[in-house]
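Written below as structure tokens is the structure these notes are about.
Values quoted throughout were computed directly from the atomic coordinates according to the rules given, and no laboratory measurement underlies them. In this text, all values refer to a predicted model and were calculated from it rather than measured experimentally. Note that each Cβ is placed from the backbone with ideal geometry, even for glycine, and that neighbours are counted across all protein chains shown.
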Amino acid sequence: MAQNTFIPDGSQTHLDARNIWNGNATDAEFRISGLEYKSMQNVISSSSSDLTLDCNDGCNAVTTLTEDVTGFNIINSETGDSGLILIEQNDVGGWVFSSLDTVLGGDLADITSITPSGLGVGAIGWYSDGTDQYLFVSDVT
Amino acid sequence: MTTYQLISLSPLQLVYKSLNGLPPSLTRESAAPQTPEGYSYVENLPVPEEEAPEGQYYVRDLTTESYGWKLEDIPEESIEAVTRIQMRDTLIEEGLFDSVESIIQGMPETTDQEIIDKKKMNDWWNHAPNFRRDNIRIATMQAALGLTDEEVDALFLSASLVD
């Protein structure tokens, strides 16, 4: 879809104008809603050591580790998508975050050092080039 | 809390860098994390509180079960060389200095070769910057002084401690 321009040449009616106007509004709504979900903050949890980020629910997320994460997956992402995952440790703490994705900055091993009980935080940034996911790991507190 | 150490199983050795986000060492209450095939976390044990027996000391012992400690005999330190001043000081302390001088002075000078040998020995004794444990003249002097290998080793060890 694309936005259409109404150029009256004397033969159009008010209905024609309204249809173009409404069509443009529908198109805009579709496009904006397609962007809105990407910037929503998703709340995710691991299960059986797998942590999945579903971009349909938001490409950014917060999670509290309650177990070791040995599998990290991002689904429903598109080429050029990126996001940030904010990570905390539960009361036990010391959980690891392991991934085979290429880490271009920082060290995933630092995630285990996040202060437990939600007192500390770390972040993992990611980018998808359509084939691979690239990770960036922040300092942690 | 338990401290775990990441190791590779073949060859059996410590891993010093993080492995796909698994830290080389971590301390926590939970059991060790799962690792990729060929790797494992083992418990990093503290040094035993019990003092090591006389003549032994604790050294690290890495197995597939733990990164612990084992007892080993303290190796006898072997000194390969000392300076001339260190050795002469030690011989003075041990009361052997004059004996060495006497042995050299008493070397025969009946043939040209004996004269050369004595001159060389005298030159070595008075001017060599270092005395090497494996030098043939040390063995000659050891025999002349009637010392055992252990006693000569002890002399070199003492000499090495001279400032």
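Tabulated data for the structure shown
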| quantity | calculated |
| --- | --- |
| Interatomic Cα distance distribution for the protein assembly as shown, bins of 10 angstrom, percent | 5, 17, 15, 11, 10, 11, 10, 8, 5, 3, 2, 2, 1, 0 |
| Nearest-0.05 FRET efficiency for B:Ala81 and A:Asp107, computed from C-beta distance (R0 41 Å) | 0.35 |
| Fraction of alpha-carbon pairs over 13 Å apart in the range A:34-92 - percent | 58 percent |
| Label-to-label distance, nm, for residues given as B:Phe97 and A:Ala17 (7 Å Cα→Cβ offset) | 12.0 nm |
| Geometric extent, Cα atoms of chain B - Rg, Dmax (angstrom) | 27.0, 84 |
| Estimated distance in nm for a label pair at B:Val162 and A:Ser47, the labels positioned 7 Å out from Cα along Cα-to-Cβ | 8.0 nm |
| Theoretical FRET efficiency, 1/(1+(r/R0)^6), r = Cβ-Cβ of A:Met40 and B:Ile74, R0 45 Å, to 0.05 | 0.10 |
| Sequence-distant aspartates and glutamates (8 or more away, or on other chains) whose Cα lies within less than 17 Å of A:Lys38 | A:Glu29, A:Asp54, A:Asp57, A:Glu78, A:Asp81, A:Asp129 |
| Extent along principal axes [Cα atoms of the range B:2-73; Å; largest to smallest] | 44, 28, 18 |
| Shielding by partners, peptide A:104-116 (average Cβ within 10 angstrom, other chains) | 3 |
| Convex hull volume per residue for chain A, taking Cα atoms only, in Å³ | 127 Å³ |
| Pairwise centroid distance, computed over Cα atoms, of the range B:119-163 with the range A:44-71, Å | 72 Å |
| Theoretical gain in end-to-end length, B:Asp134 to B:Tyr16 [0.36 nm per residue, Cα-Cα removed] | 38.5 nm |
| For chain A, built as a Gaussian network whose Cα springs stay under 10 Å, the top-fluctuating residue of A:Ala123, A:Ala17, A:Ala28 | A:Ala17 |
| Top of B:Thr148, B:Thr110, B:Thr63 by mean-square fluctuation, Gaussian network on chain B, Cα under 10 Å | B:Thr110 |
| Cα-based reach from B:Lys120 at 16 Å (exclusive), listing aspartates and glutamates while leaving out same-chain residues under 8 positions away | B:Glu101, B:Glu109, B:Asp112 |
